[in-house]
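No lab work stands behind these numbers, since they all come straight from the coordinates. Just so we're clear, the structure is a prediction, and the values are computed from it rather than from any experiment. Ideal geometry is used to build each Cβ from the backbone, glycine not excepted, and the neighbour counts take in all protein chains shown.
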Amino acid sequence: MTTSAGLQVREYRSSDFERLLELGKIAFSPEMEVFGLDEASIRRQARLYSFIRAIQRLTGRFFFKIYVGEFAGQLVGTTSLSREGEAWYIGMVMVDPEYRRRGFARALVEAACDEARARGVKRVILHVREENTPAKNLYLSLGFTLFERVFHFVKEVERGEPEPRPLPPGYQLMEVKPFDRQAFRVMDATQEERSAEVYGPSHYPPLYVRLLFYLFQPSKIERYAILADGKWAGVYTFRFISRKEAARTGVHLYLEHRGKGLEQALLARALARAAAMGAPKLAIAANEENKPLCTACGELGFTRAFTMEGMVRGLGSS
């Protein structure tokens, strides 16, 4: 597809990988400085996408697509679209600095919106760094509006991290599979009100995506149900990528279970696990409105590395 800006937009091919990696190092250098970069892990994810793309073409079942933009035979930008539920997610928006201010980013985002609209999607979402004024102005001009702010915290992992502290009385952890359906439902239900309204129920990954994840293992995911008197109080997740990148953790709690010390205990557990696996840092994202989790991050010495603003755009008919 050729856009009005003269940009040729097409789906990513394996031969685009090196150029895409080059653009990523430029566009997302602040994130890479915080989280680290493991090219071997990125290559595994690229191989995983090649299989996803082939299966999507055979089955017609959409889950994730990467777009690239070419101008005069040169790959100058990318974006992606993933199925998240009622709202689909636009990510990886980046344009080579030498080709900015030509309408290419607008064309790439519009291409993703057109794909979503053609599939009957109600709305699309994306995140942008709060200080990235040019990008925010672009998204506002395209009809996006702000719906959430997410803090990204990070902490250097010390080899001598203490053993995890016990959970508060009455709580326990039960390990579940990475793609446990109940865990997905609980993570949906524990979002902040406005975010839950925008995202809607999660789209459970199709079987082929789950099988490919286990086959390629782009990361190790450990997931636990947080139980109170045998009932789900939330979900705790730990994700290890490699010794070159920050491990990630997630703490999702129902409102009535927040601020009781669970956040501190689970973050300490994640730090000890990250140390045991050799991760250099531990990172966690927390919605600005989740005060107990943000407070716990501060108490355990996490630094707020940057803030992302979530933006949403409703999609009318074609």
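A few remarks follow.
- Alpha carbon convex hull of the chain, volume per residue in cubic angstrom: 132
- Lys/Arg +1, Asp/Glu -1 at C-beta; region 153-310 dipole; positive extreme among Ser195, Leu253, Ala183: Ala183
- Region 8-148 - charge dipole about Cα centre, Lys and Arg +1 at Cβ, Asp and Glu -1, debye rounded to 20: 600
- Considering only Leu20, Cys113, Val34, and ranking their Cα positions along the charge dipole of region 8-148 that arises from unit charges at the beta-carbon of Lys, Arg, Asp and Glu, the one farthest toward the positive end is Cys113.
- Residues whose placed amide H lies under 5 Å from that of Ala233, excluding near-sequence neighbours: Ile226, Leu227, Ala228
- Ranking of Ser82, Ser242, Ser15 by count of other Cβ atoms within 10 Å, fewest first: Ser15, Ser82, Ser242
- Taking all pairs of distinct alpha-carbon atoms in region 153-310, Kirkwood radius in angstrom: 16.3
- GNM on the chain, alpha-carbon springs under 10 angstrom: the most fluctuating residue among Arg239, Arg13, Arg83 is Arg13.
- Taking Cα atoms only, the orientation of helix 104-118 departs from the longest principal axis of the chain by about 80 degrees.
- Farthest positive-ward along the chain dipole, Cα basis, beta-carbon charges - from Gly230, Val154, Leu215: Leu215
- Nonlocal Lys pairs with alpha-carbon distance under 15 Å, the chain (8 or more apart, or different chains): 6
- Cβ-placed point charges (K, R +1; D, E -1), dipole of region 153-310 about Cα centre in debye, nearest 20: 540
- Whole-Å distance, taken between Cα centres, linking region 239-318 and region 1-49: 25
- Extension gain, Glu192 back to Arg101 (0.36 nm per residue minus Cα-Cα distance, nm): 29.2 nm
- Charge dipole (debye, nearest 20) of the chain; +1 at Cβ of Lys and Arg, -1 at Cβ of Asp and Glu: 800
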